[in-house]
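The values are calculated or read from the model by the stated rules, or taken from the named source; none is laboratory data. Only a predicted model underlies this, so the values are computations on that prediction, with no experimental measurement involved. Every residue, glycine among them, receives a Cβ derived from its backbone with ideal geometry; neighbour counts consider all protein chains shown. What goes into the accessible areas is simple: the full protein's heavy atoms, side chains included, and nothing from ligands, DNA or RNA. Shrake-Rupley method; radii C 1.70, N 1.55, O 1.52, S 1.80 Å.
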Amino acid sequence: MPRYFFHINANGRHTADEIGVNLNSPDDVRDAVSWTLPAIAMEEKQRGHRSYIASVRDERGQVVYTATLTFTDTWH
């Protein structure tokens, strides 16, 4: 089973995954990122424009998937 490493950039703060996770397929990678980025956004108390980027690497260190979530909120 392939191991993937999820590197997250949340508003300029970078977190590198040194452990990784075993996933069965590329669809599982996409599903994991689709849950992870919104969960991080929900935890943050920051307001205004926010950007979250996931860069997923395989065991060779090659980027195999990238996703971006942008969230902007404004009170009127």
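Compared with the dominant Cα axis of the chain, that is its longest principal axis, helix 26-43 is turned about 30°. Accessible surface of the chain, 1.4 Å probe: 55 percent of it comes from carbon and sulfur atoms.
Ordered by packing density, taken as the mean number of other Cβ atoms within 10 Å over each peptide's residues, highest first, how do 36-48, 52-64 rank?
Result, highest mean Cβ count within 10 Å first: 52-64, 36-48.
Mean projection of the Cα convex hull over all viewing directions, computed for the chain: 5.2 nm².
Relative contact order for the chain: 34 percent, from Cα pairs under 8 Å spaced at least 6 residues apart, divided by residue count.
Per residue, the accessible area of the chain comes to 71 Å², computed with a 1.4 Å probe over protein heavy atoms only.
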